[in-house]
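I have placed the structure first, in the form of structure tokens, so that the comments after it can refer back to it.
The values are calculated or read from the model by the stated rules, or taken from the named source; none is laboratory data. As the structure is a computational prediction, the values presented were derived from the model and not from experiment. No Cβ is skipped: glycine too gets one built from the backbone with ideal geometry, and neighbour counts run over all protein chains shown. The area values use the complete protein model at the heavy-atom level, side chains included, leaving out ligands, DNA and RNA. Shrake-Rupley method; radii C 1.70, N 1.55, O 1.52, S 1.80 Å.
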Amino acid sequence: MDAAAVTAWAAACVRILEDLRDEIDGINVYPVADSDTGSNLLHTLSGAHAELAATELAGAGPALGVLARGAVRAARGNSGVIISQVLRGLADSAGDRAELDGPALAAALLRADRAAAEAVAHPMPGTMLTVLHAAAAAVDGHTGDVPEVARAAASAAAAALPETPWQLPVLAAAGVVDAGARGVVAVLDALVAVVTGHPVESGRTTAAAGCAPRQAPPAPSRPVDAWEVMYLLDGVAEDALPALRAALSDLGDSVTVAGDGAGSHAVHVHCGDIGAAIEAGLVAGRPHRIRVEPLFSPPLVEETTAGASRASRASRAVVAVVRGTGLAELIRAEDVPVLAVPAGAAPSIEELLGLIGETGAAHVTVLPGDAELTEAADRIADHPVLADRDVVVVPCVSPVQVLAALAVHDATRRTSDDVVAMAEAAAATRRGELRIASGEAITWVGRVHAGDVVGLVDGEVVLIEPGHADLLGPATAVLNRMLDLGGELVTVLVGAAAPADTADVLAERLRAERPEVELVCYPSGQADTVLLIGVE
């Protein structure tokens, strides 16, 4: 692959994106994608190609360098900035090489994957980064020739594309793949066409395999107090970039800071404070070529005193943020949008904005599954990007309180009455917990050693059992202690470490000792808790 092939590839990217622009623009789902992803990719690559076409270069490496610098300067939208970093990664890997053979192209694609991911402040699964990573993984260590490497990368990207909706709920709701990811596949298809001399067979799809849209993506209709801010930044030191990304992340989402390899950076953010976004750039360097465009959201719904809406979309929605895939699937089965957060991790700003934004609702109630998730949801509730929505966080310290709140949720009630009912149900649910201690600690009931079984009721340690050979005995003891204060319904979430017969044993013991109490058990998949118990 030489300089002529690089130029031909850039031209092929422009041609294929001209054909696909309307298709890609039609599947944008904010806040995952720009409002015009196809147009932004086309503008970025057209600018890069124009700069390269006007330069005579003898080597593939220098040609890729010019292409990357042109893409950074011409970048439009988050997708344009990311694709510019794909080109920069290729250029950095190629260096001054006159030609790239198969292994060199494979190494360049790996470098492109890293460069794109590093430019994004908070990478999200199910986006163009996911598809790019699949392409890079497919060629890692590949020893074939250039056409073989290009085909492997494009095929892996195409296979990863229809999986993107299952990694991002907003895409699954719309029944489409990620728009930027579709653009990545198009760029790799163009590469295959150039190095093989044969165009890739058509048939790439924008629909999610096996996923019918529950509703059409809401059409943009009116500007809100949220903006896309972009500028080029010169004179910034590399060690100042983390602080810049952090400052922009505090202001909004879709933050990318991408270098061109020659000292200039393209900065992109969606936020509500234009001045603050530009000031962050002034602190770090010299912003220029500043561009600001409004973001859009669906029309708001005004709720009448009778609870009726005067607009087409839903006036309100309920979403949940929990830990454990099993619990997330349980909630999702009730048609409630949910974000599953790994144990010990914190949800990113982009993930929370995506969860709330995907509803398209004017009023969103958030049910977080523990105290840390509640704090994260509280921080996002007043985010500038959500300025057109009322976001209410119902404080929960346990997933059983989330389930209790969902059990009383009634969409036919007035919004305020429904929120109060959910908050009261959550607060009234007593919570128990069974954990395996990971270290030593002093509690009100004695010393805890690593490996001990610890029982808690409403956050207080009430039971310590040495070792954890028998978990059902302590579980029964905690449950009985809670029921001594009364209760009609017991909800148990069974963690990954609990014995397989936990639900059956607890049901049998309750039937024998407290037949008046109803028991429901669900697998939660949680790794940090053996059992979670709720009593109502």
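Mind checking the angle between helix 274-284 and the chain's longest principal axis? C-alpha axes, 0 to 90 degrees, to the nearest 10.
70
Report Rg (one decimal) and Dmax (nearest whole number) for the range 363-482, counting Cα atoms only, units Å.
Using the Cα atoms of the range 363-482, the pair Rg, Dmax is 18.0, 53 Å.
How far apart, in nm, are the 7 Å Cα→Cβ label points at Ala441 and Ala507?
For the pair Ala441/Ala507, the computed spacing is 3.2 nm.
If you average over every viewing direction, what projected area does the convex hull of the Cα atoms of the chain give, in nm²?
Mean projected area for the chain: 27.8 nm², to one decimal.
Would you rank Glu358, Glu293 by solvent-accessible area, highest first, keeping every protein chain in place and using a 1.4 Å probe?
Glu293, Glu358
How high is the FRET efficiency from Ala411 to Asp140, r the C-beta distance, R0 56 Å, rounded to 0.05?
Calculated transfer efficiency: 0.70.
Could you calculate the FRET efficiency of Glu279 with Glu118 from 1/(1 + (r/R0)^6), where r is the beta carbon distance between them and R0 is 35 Å, rounded to 0.05?
0.90
Enter the Cα centre distance for the pair the range 247-284 and the range 511-536, rounded to the nearest angstrom.
The two parts, judged by their Cα centres, are 48 Å apart.
Calculate the FRET efficiency for Arg332 and Ala262 from the Cβ-Cβ distance with a Förster distance of 51 Å, rounded to the nearest 0.05.
Computed FRET efficiency for Arg332 and Ala262 comes out at 0.65.
Carbon and sulfur atoms: what percent of the 1.4 Å accessible area of the chain do they account for?
53
Starting from the 7 Å offset along Cα-to-Cβ, what nm value, one decimal, do you get for the label separation of Glu23 and Arg289?
Each label point is offset 7 Å from its Cα along the Cβ direction, giving 3.0 nm.
Highest mean first, how do 272-280, 144-152 rank when packing is the count of other Cβ atoms within 10 Å averaged over residues?
144-152, 272-280
Quick one: compute the contact order of the range 1-124, relative version, from alpha carbon pairs under 8 angstrom and 6+ residues apart, as a percent.
Over the range 1-124, the number comes to 25 percent.
Quick one: accessible surface of Ile436, probe radius 1.4 Å, all protein chains present, in square angstrom to the nearest 10.
Ile436 has an accessible surface of roughly 60 Å² with all protein chains in place.
Enter the angle in degrees (range 0 to 90, nearest 10) between the Cα long axis of helix 146-160 and the first principal axis of the Cα atoms of the chain, meaning the one along which they spread out most.
Value to nearest ten degrees: 30.
Going by Cα centres, the range 29-107 and the range 416-477 are how many Å apart?
Answer, in whole Å: 54.
Expressed as a rounded percentage, what relative contact order does the chain have, with Cα pairs under 8 Å and six or more residues apart?
Relative contact order for the chain comes out at 10 percent.
Spin-label point model (7 Å from Cα, Cβ direction): what's the Asp528 to Ala477 distance in nm?
In this crude label model, Asp528 to Ala477 measures out at 2.5 nm.
Kindly express, to the nearest 10 degrees and within the range 0 to 90, the angle between helix 371-381's C-alpha long axis and the longest C-alpha principal axis of the chain.
Helix 371-381 sits at roughly 50 degrees to that axis.
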